[in-house]
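Notes follow once the structure below has been shown.
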């Protein structure tokens, strides 16, 4: 958010953003649930907040990054992380400098079933630098980009969120624009990589550039491909670079995600208003057929154009709005239908 003082725009710093989001989230958790859906979201939110705080407690904020691609799931994860960071900043600035940040003390109402202790989680050694011969530059639509030298997270601003963005080789302009907006809004210290050479390679290069990272927050849910057997914390295996994967929203369902974003009025990628329910690239992602409108009930085309949209994008947007309902209206068997618009 940007404020205007004496005619000059001033961007909120990260602590201010965290305070604003956490205040909104605390109010949401404090109100009596108006429905079973809201009650479910409140329960899942409390669990996820504790899991994020536990990761910070065990591994240290300077060793943590978030994987963010502009999708709805990792957006929920980012908002939750921002809320926990407010608690972390408050703890650090309080009169408890000797007492380490404690997830159990910050979130005492967490269900006992997820009250992990530090002994429940494996330690992770700081990844060592790899051979420079393996340090292949990530590619973007504009061709190869030079790879910066490895850096320590401690040299970055403490008031930014260390972020890895692994994007489709054929990304939607709307997704890239939304990610850029999130970089500004949430103070993301973001590095981007093309998925062309695979996710393993992208994370490998990221860890070479950021050898202090031990844990990466990932917005995977149990209904995602390969998500069924995951826990809140899972070490990578099978030839992946070594780091702890933290899955705070693993047990959220599709309806929980949209209820959360809409209850808290969190801005999201505009593609979700066009019938897309799972985002990949332009070559493998389509509006969800389960959201196709009946010809007798067209939607209004009087939608505002984003400042970043060109005329062609706006025309496509109008066409899709008239044909498809927004993603949050996918209700019946939503979790099984979520990826109907994906080719893979």
- prompt: Rg and Dmax of the stretch 156-296 over Cα atoms: what are they, in angstrom?
  reply: 16.5, 57
message: Taking a virtual spin label 7 Å from the Cα of residue 100 along the C-beta vector, which residues in the stretch 43-81 bring their backbone nitrogen under 15 Å of it?
response: 53-64
task: Provide the gained length on full extension for the span residue 26 to residue 197, in nm with one decimal, where the gain is 0.36 nm per separating residue minus the Cα-Cα distance.
output: 57.4 nm
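Please work out the FRET efficiency for the pair residue 159 and residue 266, using the Cβ-Cβ distance as r and a Förster radius of 22 Å; give the result to the nearest 0.05.
It comes out at approximately 0.60.
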query: What ranking, highest mean first, results for peptides 190-197, 269-276 when packing means the other Cβ atoms within 10 Å averaged over each residue?
result: 269-276, 190-197
- prompt: So for the pair residue 332, residue 173, with labels modelled 7 Å out along Cα→Cβ, what separation do we get in nm?
  reply: 3.7 nm
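Would you order 201, 286, 226, 187 from fewest to most other beta-carbon atoms within 10 Å of each residue's own beta-carbon?
If I rank by nearby Cβ atoms, fewest first, I get 226, 286, 201, 187.
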query: So how far, in whole Å, is the C-alpha centre of the stretch 207-260 from the one of the stretch 21-83?
result: 14 Å
field: Ordering of 217-223, 76-82 by packing [mean C-beta count within 10 Å, highest first]
entry: 76-82, 217-223
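Any read-out appearing in this document is the output of simple, stated calculations on the displayed coordinates, not a laboratory observation. All figures in this text were calculated on a predicted structure; none of them were measured in a lab. Don't worry about glycine lacking a Cβ; one is built from the backbone with ideal geometry, like all the others, and counts go over all protein chains shown.
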